[in-house]
Every structure is written in C-alpha cells, then in structure tokens.
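The values are calculated or read from the model by the stated rules, or taken from the named source; none is laboratory data. This is a predicted model, so every value here is computed, not measured. Cβ: placed from backbone, ideal geometry, glycine included. Neighbour counts: every protein chain shown.
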Amino acid sequence: MDNNPTKIITTTNDCSEVVIQLSEVQEFDSGIDMIDIFDILNVNYTVPNYNIGDRSLTITASLLDNNFDGYFRFSTRDRKGLNTIGSVSIKGFTIDTKIIRKTDTIIFGNLRCDSLLLVNYGRFPQTISWHLAQNTAFSIPPTTLVAEIAPHDSVSIPFYTEGKQIGDIEDILQLSDLCNRSKLFSIQATCVPPLFFGESGCSLPVTLQFNPLHLLEAHNLVLRIDIPDIAQVHIMNTLGQRVLYETGITAKSISSLDVSHLSEGVYYIELRTVKGNNFGQIIMINK
C-alpha cells in the first residue's frame, strides 16, 4: 500500500538552472496526480506533459535575469492524495562595484591608491575573480584576484592608478563568478601635469601670437604673459616631458617668451609666482 508521498530529488548545477526530479519508485506507489508551481520570483520554469499515474517527472527552472536571485515553490500530490511541498532558490550574479577615490585626476608620474568595493546584494555567497581587459595604468594586486563575499556583505580591494601619460585613462574591469558569468565596468581617470591647477583655481591669462617685431619670420612665436611677479615658467608636452624651463626671472623679462623652437601641438604651461602660487593652462601651437 502507498503510504509515502512523492519523493523529491533536486539537482542543481549552481549556474542559473535547477533540475527537480519527482519520483514514485516503489512498485506499490500510486503515481503522480498533480503538480503546482507558485510564489515565482525571477524564474522561468518548464513542466513537461505527463499522464496521471506517471512514476517520475522532471521540472527545469532557470533565471530570467542573471543579475538577481530566483525563487519558487511547488507542490505535488499523488493518486492516494498524499502531498509534497518544496521550494527552490537559484543563485544569480548579484555583484555590484563602486570605485572609491578622492578625485578623478592623478598627477603625472605619481601613483594614486584607490579601492574597489565589491558588494554582494544577493542571498548566496559569491566567489568573484577579476581582471583588467586593456592593461592600462590601472593595477590590481595579483595576489587578490579572487574574493569570497558573504550575502549582503562587501569586500574592499586596493588598487592603484599610475600617471604614465597625460590625458584620459580608461580600462574595462571584468568580474567573473564560478559559472563563468561576467560583468563589465568602466574605470576612468585623467592624468594631469604637475602643478597644473593653481591654488586660486583660475586660468592663466596667456595668449599665443606671432612676434610683431618679426612678422616675416612665421615660425618665431612668442607667449604674451599678463600676470605679475612670475618666478618660474615650465612648458611640458602631452607626455609630461619638460620642453622649456625659465627661472630666476622678473615680470618685465617674462612679458614675452620665445617658443619658436617648439613643434606644433598641445602643451601645458605652468607658472609659479614669487609668492608661491601656481597657475596652469593648456596652449596650442600652430605654425
């Protein structure tokens, strides 16, 4: 006589999919009569066609959105009226990131230490690995390429940005879980030359023009500088290389500065006053 409910054998591959096997294996079992699926959250499921009295049945379920966990409940009844109730949770890729930094800029030639915050907003532990897709100036210590993150918890990972080249820096951070599911996040920064921003926060009043005393010499360019008490002048190219340096000067002697020997292109000019204030501005030389 059948006095036992339907037996549930649940097989999970832990990668967005669950397989549930329902079985009535004893020769005196009456077979499956009814199956009901309810309380469904972020799950797509399949119940195959079956005949009343079948001894076994397989239900498959998968996540609708891999970014969230899934859940559903089910109940079965055999032909003797005995009920079985079960529930299934499916693990999603529930990881988000946040870049922790004080500023979006980095001084050329320096290292800036930042941190990457990995947040697990799901109901399951997550094992996460990561790498930088483009291998630019961002660097994550290779000894921490895998992190274990508990449910509703976070892990902070230090990394640094190296000011290798002036301009915008960008890379793609790829996170992966044990199921080879991936998420991509953009990391961006801007590398600026030393002393590029002055204490006053103001731009330097500098104009670039032809020297009116040598109008026939088109390559003889000068900088007209209208700021008093200049002590030092630096001009750097976009690689951060200093191409012109003047020091020990006065406001009168720096009212014009010959830059005719410089090639066409974009440069950064930095000036320091006798009071120690720094000013900077981008200039473009066209010949």
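Below is a table of values for the structure above.
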{"read-out": "Options 127, 84; residue that is in the same structural domain as residue 31 (by TED's automatic domain parsing) and either assigned to a strand (DSSP E or B) or over 27 Å from residue 237 (Cα atoms) (or both)", "value": "84"}
{"read-out": "Subset of the stretch 59-77 [among the polar types (S, T, N, Q) and within 40 Å of the chain's Cα centre (by Cα)]", "value": "60, 62, 66, 67"}
{"read-out": "Only one of 109, 163, 92 that is touching a residue at least 40 places away in the same chain (Cβ under 8 Å) and on the phi > 0 side of the Ramachandran plot", "value": "109"}
{"read-out": "Selection within the stretch 83-127 - more than 30 Å from residue 23 (Cα to Cα) and among the hydroxyl-bearing types (Ser, Thr, Tyr)", "value": "94, 97, 103, 105, 115, 121, 127"}
{"read-out": "Residue match in the stretch 100-115 (condition: closer than 30 Å to residue 152 by Cα and over 32 Å from the mean Cα position of the chain (by Cα))", "value": "no"}
{"read-out": "Residue 120 within 18 Å of residue 186 (Cα to Cα) and modelled with pLDDT of 90 or more", "value": "no"}
{"read-out": "Tally of residues being in contact (Cβ under 8 Å) with a residue 40 or more places away in the chain and either of a type in the set (A, V, I, L, M) or on the phi < 0 side of the Ramachandran plot (or both) across the stretch 37-66", "value": "7"}
